[in-house]
Amino acid sequence: MKYDCIIIGGGPAGLQAAVQLGRYMRSVLIVDAGSGRSSACRKYSNLLGFPEGVSGDILRRRGLKHIEALGVTHVEEEVSRVHKSFTDFIVQTRKDRVYKGKSLLFATGIQDAYPYVPGLQECLGVSVYICPDCDGYEVKGKRTAVWGRGDPGADMVDTIYYWTRDIIYVNHGAFPLSAEKRRGLEDKEIPVYEAVVTDLIQHHGQIQSLRSSTGESWAVEKIFLAFGGSRPRTELAYSLGVIQDDKGHVLVEPRTKMTNIEGVWAAGDILMHSQLVSTAAADGAQAAVWIHKWLHRQSF
């Protein structure tokens, strides 16, 4: 079978695109490895209609139920290779399955960089955060640790200082910190601890303290991670010849979300913008509108 569109990535961008394309009655396949940021987040608190918050898992499960009702096919596999034949886009998975599509949407998200220590996964989105645009509000007036590395951690301190002044900075592994950033922390009277965090003490996702390899610990209510090195997952797009900026984000036409390659679109956190779920979903919907228009033109 040849699909009208193959979507690689099943987070908010990919699922929203699948909903829109399904409503256009397009044949759609969504291929997702199930390992994106939305899979790990225990709670999103900034989405319209969910004042109590909603987990990434629930969003994804509801999204899958939604697209299945629209006739969209979903497979949980990891894509290993994509290429273009004379007329089709060919998607191959690590299970050696091959799928063909008239068009392609990359919604592969971002790869976060931080140490995986005991207690962390239970807290993500509940009391441990990554994106200040998404969750800066959650630390309002709370005792908060920025747990990071070098200058990226100092930059995060500067960002969340807007919401709380009760901050400590745990510089993981005593990573080099520039004199300028250190002065900025001193000016704000932010304590800096040079330590390797080995585990987080938490209860039902609510952080209680960080513990270091030396036995030292710090009682906090919230944590922001800031290790730097997060990168868009664009290897597959790059292999197809999709143009990226110097930070690895895919470049698209702003209105349509089409890449430099005819028939190939991109949406979500692989683009350069704030890493909001709502923004990623909007990208997916917008891309789907123009994928449909493009497919419609091809039929004449």
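Among the residues of the stretch 223-261, how many are of a type in the set (A, V, I, L, M), surrounded by fewer than 15 Cβ atoms within 10 Å (Cβ to Cβ) and over 24 Å from residue 38 (Cα atoms)? Even if it seems obvious, please write down each step before you answer.
If we filter the stretch 223-261 for residues that are of a type in the set (A, V, I, L, M), which is where we start, we get 223, 225-226, 236-237, 240, 242-243, 250-252, 258, 261.
Pick out the ones that are also surrounded by fewer than 15 Cβ atoms within 10 Å (Cβ to Cβ) and you get 243, 251.
Going one step further and asking which of them are over 24 Å from residue 38 (Cα atoms), we end up with 243.
The number of residues fulfilling the criteria is 1.
Tally time: how many residues in the stretch 83-116 are in contact (Cβ under 8 Å) with a residue 60 or more places away in the chain, assigned to a loop (DSSP other than H, G, I, E, B) and within 30 Å of residue 226 (Cα to Cα)? Talk me through it step by step, then tell me what you get.
Of the stretch 83-116, the ones in contact (Cβ under 8 Å) with a residue 60 or more places away in the chain are 83-84, 88-89, 91, 93, 99-115.
Imposing the further condition that a residue be assigned to a loop (DSSP other than H, G, I, E, B) reduces the set to 88, 107-109, 112-115.
After this cut, where a residue has to be within 30 Å of residue 226 (Cα to Cα) as well, the list is 107-109, 112-115.
Qualifying residue count for the region: 7.
Here's the yes/no breakdown for (1) part of a strand (DSSP E or B); (2) modelled with pLDDT under 95:
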site: 147; (1), (2): yes, no
site: 156; (1), (2): no, no
site: 171; (1), (2): yes, no
site: 199; (1), (2): yes, yes
site: 215; (1), (2): no, yes
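Consider only pairs whose beta carbons are under 7 Å apart and that are at least six residues apart or on different chains; among these, list those whose first residue lies in the stretch 191-219 and is farther than 18 Å from residue 148 by Cβ and open to solvent by 20 Å² or more (accessible area, probe 1.4 Å) and whose second residue is among the hydroxyl-bearing types (Ser, Thr, Tyr) and in a strand (DSSP E or B).
Close Cβ pairs satisfying both conditions: 201/209; 219/209.
If you take the residues of the stretch 61-71 that are aliphatic (A, V, I, L, M) and under 19 Å from residue 109 (Cβ atoms), which of them is most open to solvent (accessible area, probe 1.4 Å)? If you could, list the steps in order and put the result at the bottom.
Residues of the stretch 61-71 that are aliphatic (A, V, I, L, M), as a first pass: 64, 67, 69-70.
Now drop any that are not under 19 Å from residue 109 (Cβ atoms), which leaves 64, 67.
Working: 64: 46, 67: 0 Å².
Going through the qualifying residues, I end up with 64.
Select from the stretch 36-52 the residues that are without any contact (Cβ under 8 Å) to a residue 40 or more places away in the chain and not aromatic (Phe, Trp, Tyr) and list them in ascending order. Step through it out loud before you land on a result.
Step one: list which residues in the stretch 36-52 are without any contact (Cβ under 8 Å) to a residue 40 or more places away in the chain, which gives 39, 49-52.
If the condition is that a residue be without any contact (Cβ under 8 Å) to a residue 40 or more places away in the chain and not aromatic (Phe, Trp, Tyr), then 39, 49, 51, 52 are the ones that fit.
Does residue 82 satisfy the condition of being closer than 17 Å to residue 9 by Cα and surrounded by fewer than 13 Cβ atoms within 10 Å (Cβ to Cβ)? Can you show your working first?
Details: closer than 17 Å to residue 9 by Cα: yes; surrounded by fewer than 13 Cβ atoms within 10 Å (Cβ to Cβ): no.
When the stated conditions are applied, residue 82 does not pass them.
Out of all the residues in the stretch 56-78, which are part of a helix (DSSP H, G or I) and either of a type in the set (A, V, I, L, M, F, W, C) or touching a residue at least 40 places away in the same chain (Cβ under 8 Å) (or both)?
Across the stretch 56-78, the qualifying residues are 56, 58, 59, 60, 63, 64, 66, 67, 69.
Return the residues of the stretch 262-300 that are open to solvent by 40 Å² or more (accessible area, probe 1.4 Å), outside any helix (DSSP H, G or I) and modelled with pLDDT of 95 or more; say none if nothing qualifies.
262
Quick check on the stretch 8-29. Is at least one of its residues in contact with a Gly (Cβ under 6 Å, 6 or more places away or on another chain) and open to solvent by 20 Å² or more (accessible area, probe 1.4 Å)?
Scanning the stretch 8-29, I find at least one residue that is in contact with a Gly (Cβ under 6 Å, 6 or more places away or on another chain) and open to solvent by 20 Å² or more (accessible area, probe 1.4 Å), so the answer is yes.
Could you figure out which of (1) within 24 Å of residue 133 (Cα to Cα); (2) open to solvent by 50 Å² or more (accessible area, probe 1.4 Å); (3) in contact with a helix residue (DSSP H, G or I) (Cβ under 7 Å, 6 or more places away or on another chain) isn't true of residue 152?
Tallying (1) within 24 Å of residue 133 (Cα to Cα); (2) open to solvent by 50 Å² or more (accessible area, probe 1.4 Å); (3) in contact with a helix residue (DSSP H, G or I) (Cβ under 7 Å, 6 or more places away or on another chain), residue 152 fails exactly one: (3).
The values are calculated or read from the model by the stated rules, or taken from the named source; none is laboratory data. Just so it is clear, the model here is predicted, and its values are computed rather than measured. So basically every Cβ, Gly included, is an ideal-geometry build from the backbone, and we count neighbours across all protein chains shown. Ligands, DNA and RNA are excluded from the accessible area calculation, which covers all protein heavy atoms including side chains. Shrake-Rupley method; radii C 1.70, N 1.55, O 1.52, S 1.80 Å.
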